[in-house]
There are 2 protein chains.
Amino acid sequence: MEKTADAPTFDPACPMSAFPVQIGDKWTAMVVLCLEARPRRFSELRQLLGSVSAKVLTDTLRAMERDGLVSRSVFDENPPRVEYRLTALGRTLLQLVDAARSWARDNLDDLLSARRQHDDMPLPSPR
Amino acid sequence: MEKTADAPTFDPACPMSAFPVQIGDKWTAMVVLCLEARPRRFSELRQLLGSVSAKVLTDTLRAMERDGLVSRSVFDENPPRVEYRLTALGRTLLQLVDAARSWARDNLDDLLSARRQHDDMPLPSPR
DNA sequence: TAGGCCGGTTACCGCAACGTGACCGGTTAC
DNA sequence: GTAACCGGTCACGTTGCGGTAACCGGCCTA
């Protein structure tokens, strides 16, 4: 995916189409942040994320496990306990999430005000 | 969205839910890259992006214009010419896209091989 | 008169992501 | 007995993004 002088030209084999910046699905980035400090249990994650359903959180964690971003440990206690922790690979995502957050801190206000301004005058040529 | 000691706790007002790292829709990041070097015409973008339809590209560019990421200039020539260029705000996205690309360069292989390995043995306990 | 090019618009459609609600098996508490 | 807790699974419904196909109007060419 090096650009040749001028034109990027994305082919289907380009990594960007496999990973188009969007860091997995909707909740992946937040899960990464929740696991930054320490491993967490399933229900703990649900609480931290607030509005996520069990199914969607399960799907997200399964996908992250598949991709080697988190590891899942089952403790055969009672009540049963399951812990998720970031792998080394998962930790590498933290830089990226931080970069995104710092971009948002610096520029999101501009973006949102541009959007509001654009929405207030949606008539370019009344004709 | 500062974390208090330990728990991030995302509420709906959190910027992350308005901008969850994913840089707009599917093509936004690639459009940003295509416009890095210089402004481009509509059909030029279609060519560079390869497989995008006119409708989807139009939608993407309209959304980016709305958010103040690109500006659209119509030249009343013949044949009609329309140029899109990155705004200052749009240029700020370049750092983020670069960060994502460099993450991919460094870690995508690990992710993909973890995925392959996981897919080759999908039976945890056959009972 | 027909067709092509440019930069779209409109109508429609399929699919995957997202979400809801019910249920489950084992264990402990009431 | 039954109820709750944990960490899910299953069936189902909805939404919206991405994509296809047809068309448009103005200008130019054949």
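Out of segment A:79-90, which residues are at pLDDT 95 or above and away from DNA strand D (no atom under 16 Å from the Cβ)?
A:THR87, A:ALA88
For segment A:63-100, enumerate the residues that are of a type in the set (Lys, Arg) and farther than 23 Å from B:ALA100 by Cβ.
Matches in segment A:63-100: A:ARG72, A:ARG81, A:ARG85.
Taking segment A:96-120, which residues are among the polar types (S, T, N, Q) and more than 7 Å from chain B (Cβ to nearest Cβ)?
A:SER102, A:SER113, A:GLN117
Has segment A:69-91 got at least one residue that is aliphatic (A, V, I, L, M), assigned to a strand (DSSP E or B) and within 13 Å of DNA strand C (Cβ to nearest atom)?
Yes, that holds for at least one residue.
Any residue that is out of contact with any Gly (no Cβ under 9 Å at 6 or more places or on another chain), of a type in the set (Ser, Thr, Tyr) and away from DNA strand D (no atom under 13 Å from the Cβ) - is there at least one of those in segment A:32-49?
no
Those residues that are within 14 Å of DNA strand D (Cβ to nearest atom) and of a type in the set (Lys, Arg), I need them from segment B:65-78; list them, please.
Selection gives B:ARG66 alone.
Inspect all residues belonging to segment A:65-87 and state whether any of them is farther than 18 Å from B:LEU108 by Cα, out of contact with any helix residue (DSSP H, G or I) (no Cβ under 8 Å at 6 or more places or on another chain) and within 11 Å of chain B (Cβ to nearest Cβ).
Among the residues of segment A:65-87, at least one is farther than 18 Å from B:LEU108 by Cα, out of contact with any helix residue (DSSP H, G or I) (no Cβ under 8 Å at 6 or more places or on another chain) and within 11 Å of chain B (Cβ to nearest Cβ), which makes the answer yes.
The values are calculated or read from the model by the stated rules, or taken from the named source; none is laboratory data. Model, not experiment: these values are computed from the prediction. Cβ: placed from backbone, ideal geometry, glycine included. Neighbour counts: every protein chain shown.
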